[in-house]
Amino acid sequence: MPEITVAEADVRRVRDQIVDVREDEEVAERMIPGAIHIPLGQLAARAGELDRERPVITVCRSGQRSARAAEQLEAAGFDAATMGGGMVAWHAAGLPTA
């Protein structure tokens, strides 16, 4: 499962699916624009909501949960990567949130 940087995720977010696997209270603090919110605990049950034809970039607060999410999605046949550093790194880079 590849790990990409926040800069790579920012470029790829216009064509790839960003899946934020944080919990509800965490996403209330802001998300990457256009991201899909599916908490990690619901990912297996809700993977059908994702487009198998488009790559997926998983995101969490710091990168731990998103790595597990990307592994789950790869095992289910998705082209998945995790964003290293998570939303902590995204915010530190001054990238946009919604």
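The values are calculated or read from the model by the stated rules, or taken from the named source; none is laboratory data. Computed from a prediction, not measured in an experiment: that's the story for all the values here. Here Cβ is always computed from backbone atoms with ideal geometry, including for glycine, and neighbour counts include all displayed protein chains. For accessibility, only protein heavy atoms count, side chains too; no ligands or nucleic acids. Shrake-Rupley method; radii C 1.70, N 1.55, O 1.52, S 1.80 Å.
The criterion of at least 1 residues that are under 11 Å from the mean Cα position of the chain (by Cα) and of a type in the set (D, E, K, R) is met by the following strands (runs of 3 or more DSSP E) wholly inside the stretch 1-95: 17-20. Taken together, the residues in the stretch 41-65 that are in contact with an Asp or Glu (Cβ under 8 Å, 6 or more places away or on another chain) and aliphatic (A, V, I, L, M) amount to 3. Applying the selection to the stretch 1-34, what residues are open to solvent by 20 Å² or more (accessible area, probe 1.4 Å), among the hydrophobic types (A, V, I, L, M, F, W, C) and under 17 Å from residue 72 (Cβ atoms)? Selection gives 1 alone. With respect to (1) under 13 Å from residue 86 (Cα atoms); (2) open to solvent by less than 20 Å² (accessible area, probe 1.4 Å); (3) not β-branched (Val, Ile, Thr), the lone exception for residue 67 is condition (2).
Annotation note: Cβ proximity below 9 Å between a residue of the stretch 1-29 that is among the polar types (S, T, N, Q) and a residue that is open to solvent by 80 Å² or more (accessible area, probe 1.4 Å) (sequence gap 6+ or interchain) occurs for 17/54. For residue 79, the test of being surrounded by fewer than 21 Cβ atoms within 10 Å (Cβ to Cβ), out of contact with any Lys or Arg (no Cβ under 7 Å at 6 or more places or on another chain), among the acidic types (Asp, Glu) and more than 17 Å from residue 4 (Cβ to Cβ) is failed. Residue pairs whose Cβ atoms lie under 9 Å apart, separated by 6 or more positions or on different chains, with the first residue in the stretch 33-62 and over 17 Å from residue 85 (Cα atoms) and the second hydroxyl-bearing (Ser, Thr, Tyr) and not in a helix (DSSP H, G or I), are 33/97; 43/58.
Which of the residues that make up the stretch 41-60 are open to solvent by 10 Å² or more (accessible area, probe 1.4 Å), within 21 Å of residue 14 (Cα to Cα) and either touching a Ser or Thr at 6+ places or on another chain (Cβ under 8 Å) or charged (D, E, K, R) (or both)? Result: 49, 51, 52, 53, 54.
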